[in-house]
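Following: one structure in C-alpha cells, then a few remarks.
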Amino acid sequence: MRRLFIAVAAVLALTALGSATAADRAVTISRTGFVPADVTIASGDSVTWRNTDTAAHQVVFTQTTCNLTILPSASGSCTFRAGGKFNYRDPSQQGNAFRGTVTVTGARTSVTLSAARATTTWAVPVPLTGVVSNHNANEAVVVQGQECGKTAFTRLGAATTTSGGKWTFAVKPTINTTYQARWRNADSSTVIVKVRPKIRLTRVGSRFKARVTAAQSFTGKTILFQRYRPVLRRWVTLKRVRLGASTTPAVGTFVTPANFRARIRLGWRLRVFLPQLQAGTCYLAGPSNTLTVR
C-alpha cells in the first residue's frame, strides 16, 4: 500500500511539473498524423512540431505567417502572440489526421516591445523593436515615451511593420525614459532605457576642461578627477571638481563645464567621473573619455 502511494505521488508530481513548464507545447508528426492534433497554449507561448516520420511534412496555417517544412528527425516551432483559434494542416497529406488547431488564450490583439540596450549615453540612438500579433506588413505602430520627471507619455513617432509583423524604431533618449508601443487598441508592456550624461575631458598641459552634456543642468555638482592605477586595477580619485554655470546651445540641451589644474606625470591614464549621488534619479553615473598623458 505504501509503495502504491509513493508511485501515485510521483506521477502527480511529474504531471504538475509538466503543466507548470508547458510554455512550449510539443506535437509529434508521425506517419499517421499529428499527435496531439489540437493543443491549447497561452499567448506568447510556442508550439514545436517534431517529425518522427521518414518523409518531410508541412505545417501550414491560414491565419498566421508561421508555416513550416520539417524534414525527418527535425523540428520547427511557431510562437503565438495573441489569443484566438488557429487551424493548421499538412497540404501534402490527405485526411483529417493531418489537420489540427492551436487554441491560444489571451487578448486577440497585442504588440510587443523590446530595446536593443537597457542603458545608453546621452542622445546615442537605441533601436526599439517588436511584433504585432497579426504578423502582417504595413501596420502602423505608434511609439510613445515618458521622460524621467514627466507624468504622461508623449508620442514620438510611428513605425510601419514589415514581413511577419516586425517593426523597428530608433530613439535617442537624453534622460532616463520609459517607452511603450501602441497598435490599434493594444498597448505593449513598457521598457525603460537609462541614460548616462555625455562627459568629455580635454587637456592642454596641466590644464583640464570637463564638459557634462545632458537634458538638465549639473551646476554645483561634483565630478571626480581620477587616475587609473594598474597595480590596484582600479581608478583612484586625485581631486574633486565642482561644475560651473551651464550654457544651453540648443533647446533641451545643457552643457555644464569645469576648468581646473592638476599635477600629472607621463603615462598616466586620466578621466573624470560623475558619481550616482551627483547624477541624481534621472541619470546613471558615468565616466568621461580616457586621456593618456604623453
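The values are calculated or read from the model by the stated rules, or taken from the named source; none is laboratory data. Please read all numbers here as calculations on a predicted model, not as lab measurements. Positions of Cβ are backbone-derived with ideal geometry, glycine not excepted, and every protein chain shown enters the neighbour counts. To get the accessible areas, we keep the full protein, side chains included, count just its heavy atoms, and leave off ligands, DNA and RNA. Shrake-Rupley method; radii C 1.70, N 1.55, O 1.52, S 1.80 Å.
Do you know which residues across region 63-87 are open to solvent by less than 30 Å² (accessible area, probe 1.4 Å), at pLDDT 90 or above and within 23 Å of the chain's Cα centre (by Cα)?
Residue satisfying the conditions is Cys78 alone.
Which residue is most open to solvent (accessible area, probe 1.4 Å), if the candidates are limited to region 106-124 and must be modelled with pLDDT of 95 or more and under 14 Å from the mean Cα position of the chain (by Cα)?
The extreme case among them is Arg117.
Out of Thr168, Thr103, which single residue is open to solvent by less than 70 Å² (accessible area, probe 1.4 Å), in contact (Cβ under 8 Å) with a residue 40 or more places away in the chain, over 27 Å from Val255 (Cα atoms) and hydroxyl-bearing (Ser, Thr, Tyr)?
Checking each option against the conditions leaves just Thr103.
Taking the condition on the phi < 0 side of the Ramachandran plot and crowded, with 20+ Cβ neighbours inside 10 Å, does Thr178 pass?
No, not satisfied.
Name the pairs whose Cβ atoms lie under 7 Å apart, with the first residue in region 218-247 and under 17 Å from Arg271 (Cα atoms), the second part of a loop (DSSP other than H, G, I, E, B) and among the charged types (D, E, K, R), and 6 or more positions between them or separate chains?
Close Cβ pairs satisfying both conditions: Leu243/Lys221.
Given the condition open to solvent by 30 Å² or more (accessible area, probe 1.4 Å), over 30 Å from Val195 (Cα atoms) and outside any loop (DSSP other than H, G, I, E, B), answer yes or no: does some residue in region 133-146 qualify?
No, that holds for no residue.
Quick check on my filter: what residues within region 21-62 are closer than 25 Å to Ser133 by Cβ, open to solvent by 80 Å² or more (accessible area, probe 1.4 Å) and not β-branched (Val, Ile, Thr)?
Asp24, Asp38
Select the strands (runs of 3 or more DSSP E) contained entirely in region 173-255, then report the ones holding at least 3 residues which are of a type in the set (A, V, I, L, M, F, W, C).
Output list reads 191-196, 198-204, 207-214, 222-229, 234-242.
Quick check, is Phe86 touching a His at 6+ places or on another chain (Cβ under 9 Å) and among the hydrophobic types (A, V, I, L, M, F, W, C)?
no
Return yes or no: is Thr109 over 30 Å from Pro275 (Cα atoms), in contact (Cβ under 8 Å) with a residue 24 or more places away in the chain, in a loop (DSSP other than H, G, I, E, B) and out of contact with any helix residue (DSSP H, G or I) (no Cβ under 7 Å at 6 or more places or on another chain)?
Considered against the rule, which asks whether it is over 30 Å from Pro275 (Cα atoms), in contact (Cβ under 8 Å) with a residue 24 or more places away in the chain, in a loop (DSSP other than H, G, I, E, B) and out of contact with any helix residue (DSSP H, G or I) (no Cβ under 7 Å at 6 or more places or on another chain), Thr109 comes out as yes.
Can you pull out every residue in region 131-165 that is charged (D, E, K, R) and touching a residue at least 60 places away in the same chain (Cβ under 8 Å)?
Glu147 - this is the single residue of region 131-165 that is charged (D, E, K, R) and touching a residue at least 60 places away in the same chain (Cβ under 8 Å).
Quickly run through region 217-253 and pick out the residues that are under 24 Å from Lys150 (Cβ atoms) and open to solvent by 60 Å² or more (accessible area, probe 1.4 Å).
The answer is Thr219, Lys221, Thr247, Thr248, Pro249, Val251.
So which of Arg196, Arg294, Arg229 is of a type in the set (D, E, K, R) and within 20 Å of Ala123 (Cβ to Cβ)?
Among Arg196, Arg294, Arg229, only Arg196 is of a type in the set (D, E, K, R) and within 20 Å of Ala123 (Cβ to Cβ).
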